[in-house]
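Asks: Below you will find the structure I want to go over with you.
The values are calculated or read from the model by the stated rules, or taken from the named source; none is laboratory data. For clarity, every value in this text was computed on a predicted model and none was experimentally measured. Here the Cβ is made from the backbone with ideal geometry for all residues, glycine too, and neighbour counts use every protein chain on show.
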Amino acid sequence: MDRLLIKGMTYGWGASRGEYRTESAKDSLEQLRETGSEWIALSFWTWQDTVYSTEIPFDYGYTVTDRDIAAAVANAKELGLKVCLKPVVNSRDGIWRAHIGFPPEEGSRPYWDKWFKSYEQFLVHYAELAQELGCEMFCVGCEMVKSEAQEAHWRAVIARVREVYQGPLIYNANHGSEEGVRWFDAVDLIGTSAYYPVADGPGETEDNMLMRWQATKERFVRLHEQFQKPIVFMEIGCRSAQGCAAMPWDFTHRDLPVDETEQARFYRSALRAFWDEPWFGGFFWWDWSTKLYPAVEASRDRGFDIYGKQAEVVLREWYKGVPGAL
């Protein structure tokens, strides 16, 4: 059996209703394909009101619609890209989705039951859509740390998803919490948001970053040996801002100086560390926007996007196997 190595990028995050069907979104997807990417994680969210809510409603004013998703998938397939559909639940109160859940007391069980019933309905809707649209992979959850101990609930939800979607399933754990997911055997691939710090501060060398990845790699080897599943970085990346390799998850420090080189070193170090590992299933880098900044502004951008930056050159070299400039 051929080894799975996903050459992917996250696309569509942050887009609101209608944005997937714009010309700028289609143009952006074409630019993404030029990096050598062969996959996209089409990622979008809807909100529940608070981290303690038991209902996940559909926001008809913001969340992308099924029509939007169908258009994005069609555009991707026209370009020869495979799609992992990745629906996400966020909390409107601004608290990170990892904290969605309820106290550990026995009395919280009815609340967990209600939440998982709503989450199952949310997930099955998009699993059916993924099947109808021919998406090549489906993600059943993203960084839902507090809920992960609810093993029976997760197994039941995944079993229900399998009734309507016949492709491979993946769950996206958060970096550092992968060992707490006891039900990884229920999915086909182990996913994680690999925002592991590989620097102590600004100016870290690529070789030192690589050494930090080697230490992190040991936990993934153990995880693979436990479950015998490929490990995929469902999210990985860092901003082109000074010091972000030490905190790759950061999106809040907007005043940091621009640093394309640090971002490029982060990319190359991760690619060097994992590319040839037989248990490693590939990358979905974070992220590629549906509306790109003008190329002439790339040198001033401090975000995760790599369009027009040194990191794009690095990715092209690895994904296309052809060294060279843009």
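Asks: From Ile56, Ile40, which residue is more than 15 Å from Thr290 (Cβ to Cβ) and buried (at least 18 other Cβ atoms within 10 Å of the Cβ)?
Replies: On the way: Ile40 fails: more than 15 Å from Thr290 (Cβ to Cβ).
Going through Ile56, Ile40 in turn, just one is more than 15 Å from Thr290 (Cβ to Cβ) and buried (at least 18 other Cβ atoms within 10 Å of the Cβ): Ile56.
Asks: Looking at the stretch 171-186, can you tell me whether even one residue there is of a type in the set (A, V, I, L, M, F, W, C), modelled with pLDDT of 95 or more and within 24 Å of Thr35 (Cβ to Cβ)? Working first, answer last.
Replies: Kept after step one, since they are of a type in the set (A, V, I, L, M, F, W, C), are these residues of the stretch 171-186: 173, 181, 183-184, 186.
Next cut, modelled with pLDDT of 95 or more only: 173, 181, 183-184, 186.
The next check asks that each one be within 24 Å of Thr35 (Cβ to Cβ); those that pass are none.
No: the stretch 171-186 contains no residue that is of a type in the set (A, V, I, L, M, F, W, C), modelled with pLDDT of 95 or more and within 24 Å of Thr35 (Cβ to Cβ).
Asks: Of all residues in the stretch 29-82, which are under 30 Å from Tyr267 (Cα atoms) and among the acidic types (Asp, Glu)?
Replies: Within the stretch 29-82, Glu30, Glu34, Glu38, Glu78 meet the criteria.
Asks: Looking at the stretch 265-277, is at least one residue at pLDDT 95 or above, of a type in the set (Asp, Glu) and in contact with a helix residue (DSSP H, G or I) (Cβ under 9 Å, 6 or more places away or on another chain)?
Replies: Just the residues of the stretch 265-277 that are at pLDDT 95 or above, to begin with: 265-277.
Add one more test, that the residue is of a type in the set (Asp, Glu), and what stays is 276-277.
This time we only want the ones that are in contact with a helix residue (DSSP H, G or I) (Cβ under 9 Å, 6 or more places away or on another chain), so: 277.
The answer is yes, given that some residue of the stretch 265-277 is at pLDDT 95 or above, of a type in the set (Asp, Glu) and in contact with a helix residue (DSSP H, G or I) (Cβ under 9 Å, 6 or more places away or on another chain).
Asks: Could you pull out the residue among Gly61, Gly8 that is within 23 Å of Glu136 (Cβ to Cβ), out of contact with any Pro (no Cβ under 6 Å at 6 or more places or on another chain) and not basic (Lys, Arg)? Even if it seems obvious, please write down each step before you answer.
Replies: Details: Gly61 fails: within 23 Å of Glu136 (Cβ to Cβ).
That would be Gly8, the only listed residue that is within 23 Å of Glu136 (Cβ to Cβ), out of contact with any Pro (no Cβ under 6 Å at 6 or more places or on another chain) and not basic (Lys, Arg).
Asks: Go through the stretch 175-185 residue by residue and tally those that are surrounded by 20 or more Cβ atoms within 10 Å (Cβ to Cβ) and either part of a helix (DSSP H, G or I) or touching a helix residue (DSSP H, G or I) at 6+ places or on another chain (Cβ under 8 Å) (or both). Explain how you work it out, then say what you get.
Replies: Pass one, the stretch 175-185, residues surrounded by 20 or more Cβ atoms within 10 Å (Cβ to Cβ): 178, 181, 184.
Filter again for either part of a helix (DSSP H, G or I) or touching a helix residue (DSSP H, G or I) at 6+ places or on another chain (Cβ under 8 Å) (or both), leaving 178, 184.
Residues flagged as surrounded by 20 or more Cβ atoms within 10 Å (Cβ to Cβ) and either part of a helix (DSSP H, G or I) or touching a helix residue (DSSP H, G or I) at 6+ places or on another chain (Cβ under 8 Å) (or both) within the stretch 175-185 amount to 2.
Asks: Given the condition of a type in the set (Gly, Ala, Ser), within 18 Å of Asp276 (Cα to Cα) and surrounded by fewer than 20 Cβ atoms within 10 Å (Cβ to Cβ), answer yes or no: does some residue in the stretch 215-223 qualify? Spell out the reasoning first.
Replies: Going through the stretch 215-223, the residues of a type in the set (Gly, Ala, Ser) turn out to be 215.
Keeping just the survivors that are within 18 Å of Asp276 (Cα to Cα) gives 215.
Still in the running and surrounded by fewer than 20 Cβ atoms within 10 Å (Cβ to Cβ): 215.
Yes, the conditions are met somewhere in the stretch 215-223.
Asks: Further question: When you go through (1) surrounded by fewer than 17 Cβ atoms within 10 Å (Cβ to Cβ); (2) among the aliphatic types (A, V, I, L, M); (3) touching a residue at least 24 places away in the same chain (Cβ under 8 Å) one by one for Leu189, which number turns out not to apply?
Replies: Of the numbered conditions (1) surrounded by fewer than 17 Cβ atoms within 10 Å (Cβ to Cβ); (2) among the aliphatic types (A, V, I, L, M); (3) touching a residue at least 24 places away in the same chain (Cβ under 8 Å), the odd one out for Leu189 is (1).
Asks: Taking the options Lys26, Lys77, name whichever one is surrounded by fewer than 16 Cβ atoms within 10 Å (Cβ to Cβ) and under 22 Å from Leu292 (Cα atoms).
Replies: Lys77
Asks: Consider Asp255 against the criteria (1) closer than 30 Å to Asp185 by Cα; (2) surrounded by fewer than 16 Cβ atoms within 10 Å (Cβ to Cβ): it satisfies all of them except one. Which criterion is unmet?
Replies: It fails just one condition, (1).
Asks: Additional query: Can you pull out the residues in the stretch 73-109 that are more than 15 Å from the chain's Cα centre (by Cα), farther than 18 Å from Ala25 by Cα and among the charged types (D, E, K, R)?
Replies: Residues satisfying the conditions are Arg92, Asp93, Glu105, Glu106, Arg109.
Asks: Taking Val296 as meeting all but one of (1) assigned to a loop (DSSP other than H, G, I, E, B); (2) surrounded by fewer than 20 Cβ atoms within 10 Å (Cβ to Cβ), write down the number of the exception.
Replies: Answer for Val296: the failing condition is (1).
Asks: Can you tell me which residue in the stretch 267-316 is nearest to Leu256 (Cα to Cα), limited to those that are hydroxyl-bearing (Ser, Thr, Tyr) and touching a residue at least 24 places away in the same chain (Cβ under 8 Å)?
Replies: First, pick out the residues of the stretch 267-316 that are hydroxyl-bearing (Ser, Thr, Tyr): 267, 269, 289-290, 293, 299, 307.
Now restrict to residues that are touching a residue at least 24 places away in the same chain (Cβ under 8 Å): 267, 269, 289-290, 299, 307.
Details: Tyr267: 19, Ser269: 22, Ser289: 21, Thr290: 24, Ser299: 14, Tyr307: 19 Å.
Selected residue: Ser299.
Asks: If you don't mind, another one. Considering each of Pro278, Pro202, Pro248 in turn, give the residue that is of a type outside the set (Lys, Arg), in a loop (DSSP other than H, G, I, E, B) and surrounded by 19 or more Cβ atoms within 10 Å (Cβ to Cβ).
Replies: On the way: Pro278 fails: surrounded by 19 or more Cβ atoms within 10 Å (Cβ to Cβ); Pro202 fails: surrounded by 19 or more Cβ atoms within 10 Å (Cβ to Cβ).
Exactly one of Pro278, Pro202, Pro248 is of a type outside the set (Lys, Arg), in a loop (DSSP other than H, G, I, E, B) and surrounded by 19 or more Cβ atoms within 10 Å (Cβ to Cβ), namely Pro248.
Asks: Okay, next question. Considering only the stretch 5-58, state which residues are among the charged types (D, E, K, R) and either over 24 Å from Glu317 (Cα atoms) or outside any helix (DSSP H, G or I) (or both). If you could, list the steps in order and put the result at the bottom.
Replies: Taking the stretch 5-58 and keeping what is among the charged types (D, E, K, R), we get 7, 17, 19, 21, 23, 26-27, 30, 33-34, 38, 49, 55.
Of everything in the stretch 5-58, those that are among the charged types (D, E, K, R) and either over 24 Å from Glu317 (Cα atoms) or outside any helix (DSSP H, G or I) (or both) turn out to be Lys7, Arg17, Glu19, Arg21, Glu23, Glu34, Glu38, Asp49, Glu55.
Asks: Now, a different point. Give the residue, chosen from Gln121, Gln150, that is modelled with pLDDT of 95 or more, buried (at least 20 other Cβ atoms within 10 Å of the Cβ) and farther than 25 Å from Glu38 by Cα. It would help to see each step written out before you state the result.
Replies: On the way: Gln121 fails: buried (at least 20 other Cβ atoms within 10 Å of the Cβ).
Exactly one of Gln121, Gln150 is modelled with pLDDT of 95 or more, buried (at least 20 other Cβ atoms within 10 Å of the Cβ) and farther than 25 Å from Glu38 by Cα, namely Gln150.
Asks: Determine the pairs where a residue that is assigned to a helix (DSSP H, G or I), located within the stretch 124-151, has a partner that is surrounded by fewer than 16 Cβ atoms within 10 Å (Cβ to Cβ) and hydrophobic (A, V, I, L, M, F, W, C) with Cβ atoms under 7 Å apart, the partner being 6 or more residues away or on another chain.
Replies: Leu133/Ala70
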